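A short write-up of the structure that comes next.
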Amino acid sequence: MTTKTLYYAILFVGLIATCSANWNRHHRENRNLFPNPNFGHTEDIDFRLTFAASEVEISELETEFNIRLNTLIGKSLCEPGYKCVALLVDAGLREPRSNCDSLEDGACEYQCGILSNIKYHLNLAKDLNQREGRATGVFYDVVLVHDFSIGESILAMARNDGARTLLISDSLKELVCSGIERQEKLHHIEFKTPYSVGSKACREAITFSQEYSFKLPQVLLMQAVKPIAFSLMHYQAATFLDTDAYVYSVNSTDNIKWFLQQGDDVELFAGSGPKSPINAARWIGKPSIEITREWLQALRSGFNNETGWEEYGPIPQVWGENYSPDTKGSWEFMGANRDQGLLWYIFGLKRKSLYQPPRTGAGLPFGLEYMIKHLSGIHNPWSSTYIAPLEHIQGIKEVMGKIARATSSWKIDSSTLSLSKGVSDVDKFLHSCAMRIEKNSKM
């Protein structure tokens, strides 16, 4: 080998080594570009191909439905090589609100609820990840799903604590409104009151400029887009929670592990309600491009009270105390035109991949009321009108105590607070939030 040939050989090997080192460094620093926990292990190649294919399919859905499906912001808590489950908390305000230094109004109370929920579930997720993540092969992320009504200060606090955030784009809300408009034209429906959400009120709600003071349009929009959880292909499962719903304890995640072991015949795990076939405040789903497409198609087609989503037709009644197999139901159950109706249509009627556990009985899977506590209405932990639950409601008092402990770090000692020097409005707000929750937890 000549000296010149040897020189070029050494140069080539050095170049390859440099490129490899740079790629590895880029991989370590930016591993959330491929947030699936499998990235970085022996199955990397298969995963990268699958994930890349999913990204292409998501892009195709965006083009087909003229929407934007935003990506997650923030680092994953999941370790590479293990399954990753998202605990998603949804949040949207009736009107945008940027600054809160106390709990003077409902919007600020609700933001207290958002942050305390995220704090509670981050404590739970980090505990689970540390204690049993590698042993069980399951890790957890906490994701705040929000729209533009949630201020950047709230999002920054959530991300700084370790949560990820996912923005609901206005284009998704517009798709909901276009479906309503299609049904108006198709069936000559007129929405004359604020209690019926027409396309006009729907579009005004997107920009928070609606002439009505009733909050139903904003509620409909945020609830109809909950199935965005199924577009998060880098998670093996997504547990969706309303802002006032809390995973009970580390032991209650056994349902999630059971769900991960099921085949394609179980794509949604959800309980029922007395006024609806599905309780959409808490459910576990399996992300899928196909399911995401069916959800978007349903939104675009729209809903009406007679034939439901995509003109499906009459349905059997499977809820309520007087159920009979021969009784025909209707599409007028609670939440039929938003989250509860969508989930029932897609999984209960169309795909037939819904699993609903019995309310009583031993063994896995337990009913979701044992896994997730829904502290709605007068039981909201942050509420100024809080009423303590009855003692026999198992677990709720324990959850309240855990929320209080999770937010205790927000409290400011009285001497510092009285001086006010160096105490920001955000600090005052968090202090007020923690004090409110602590007070309610002791009731």
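Working carefully through the options Phe303, Phe269, find the one that is surrounded by 22 or more Cβ atoms within 10 Å (Cβ to Cβ), farther than 30 Å from Ile189 by Cβ and touching a Phe, Trp or Tyr at 6+ places or on another chain (Cβ under 6 Å). Talk me through it step by step, then tell me what you get.
Numbers: Phe303 fails: farther than 30 Å from Ile189 by Cβ.
The conditions single out Phe269.
Might you check whether a residue that is in a helix (DSSP H, G or I), open to solvent by 30 Å² or more (accessible area, probe 1.4 Å), at pLDDT 75 or above and under 18 Å from Leu103 (Cα atoms) occurs anywhere in region 382-394?
In the first step, residues of region 382-394 are kept if they are in a helix (DSSP H, G or I); the result is none.
For region 382-394, residues in a helix (DSSP H, G or I), open to solvent by 30 Å² or more (accessible area, probe 1.4 Å), at pLDDT 75 or above and under 18 Å from Leu103 (Cα atoms): absent.
Does region 115-149 hold any residues that are among the β-branched types (Val, Ile, Thr) and either in contact with a Pro (Cβ under 8 Å, 6 or more places away or on another chain) or surrounded by fewer than 21 Cβ atoms within 10 Å (Cβ to Cβ) (or both), and which are they? Write out each step before concluding.
Residues of region 115-149 that are among the β-branched types (Val, Ile, Thr), as a first pass: 118, 136, 138, 142-143, 145.
Within region 115-149, Thr136 is the sole residue that qualifies.
What's the total number of residues in region 272-285 that are outside any loop (DSSP other than H, G, I, E, B) and open to solvent by less than 30 Å² (accessible area, probe 1.4 Å)?
The initial filter retains those residues of region 272-285 that are outside any loop (DSSP other than H, G, I, E, B), namely 273, 276, 282-285.
Adding the requirement that they be open to solvent by less than 30 Å² (accessible area, probe 1.4 Å) leaves 273, 276, 283-285.
Looking only at that region, the number is 5.
Listed here are the residues, each with its yes/no results for (1) of a type in the set (Phe, Trp, Tyr); (2) under 25 Å from Leu375 (Cβ atoms); (3) outside any helix (DSSP H, G or I); (4) under 13 Å from the mean Cα position of the chain (by Cα).
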position: Ile114; (1), (2), (3), (4): no, yes, no, yes
position: Asn123; (1), (2), (3), (4): no, yes, no, no
position: Lys126; (1), (2), (3), (4): no, yes, no, no
position: Asn129; (1), (2), (3), (4): no, yes, no, no
position: Ala135; (1), (2), (3), (4): no, no, no, no
position: Phe139; (1), (2), (3), (4): yes, no, yes, no
position: Val142; (1), (2), (3), (4): no, yes, yes, yes
position: Val145; (1), (2), (3), (4): no, yes, yes, yes
position: Arg159; (1), (2), (3), (4): no, yes, no, no
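Please find, within region 104-114, the residue that is farthest from Val89 (Cα to Cα) out of those that are touching a residue at least 60 places away in the same chain (Cβ under 8 Å) and open to solvent by 10 Å² or more (accessible area, probe 1.4 Å).
Glu109
Go through region 230-266 and count every residue that is among the aliphatic types (A, V, I, L, M), buried (at least 17 other Cβ atoms within 10 Å of the Cβ) and under 29 Å from Gln111 (Cβ atoms).
7
Would you mind finding the one in Trp331, Trp309 that is at pLDDT below 90 and of a type in the set (Phe, Trp, Tyr)?
On the way: Trp309 fails: at pLDDT below 90.
None of the others qualify; the one that does is Trp331.
Can you tell me which residues in region 170-186 are open to solvent by 10 Å² or more (accessible area, probe 1.4 Å) and of a type in the set (Gly, Ala, Ser)?
Ser171, Ser178, listed by residue number.
Would you tally the residues in region 70-97 being in contact with a strand residue (DSSP E or B) (Cβ under 9 Å, 6 or more places away or on another chain), assigned to a loop (DSSP other than H, G, I, E, B) and either under 20 Å from Ser288 (Cα atoms) or at pLDDT 85 or above (or both)? Outline the logic, then answer.
First, pick out the residues of region 70-97 that are in contact with a strand residue (DSSP E or B) (Cβ under 9 Å, 6 or more places away or on another chain): 70-79, 82-93, 96-97.
Narrowing further to those that are assigned to a loop (DSSP other than H, G, I, E, B): 70-72, 74-79, 82, 92-93, 96.
Now narrow it down to the ones that are either under 20 Å from Ser288 (Cα atoms) or at pLDDT 85 or above (or both): 70-72, 74-79, 82.
So the answer is 10.
Looking at region 194-212 only, could you name the residues that are charged (D, E, K, R) and at pLDDT below 80? It would help to see each step written out before you state the result.
Residues of region 194-212 that are charged (D, E, K, R), as a first pass: 200, 203-204, 211.
The answer is Glu211, and nothing else.
The values are calculated or read from the model by the stated rules, or taken from the named source; none is laboratory data. Since the structure is predicted, the reported quantities are computational estimates derived from the model, not experimental observations. With ideal geometry, Cβ positions are generated from the backbone for all residues, glycine too; neighbour counts draw on all protein chains shown. The protein model used for the area step is the full one, side chains on, heavy atoms only, and it has no ligands, DNA or RNA in it. Shrake-Rupley method; radii C 1.70, N 1.55, O 1.52, S 1.80 Å.
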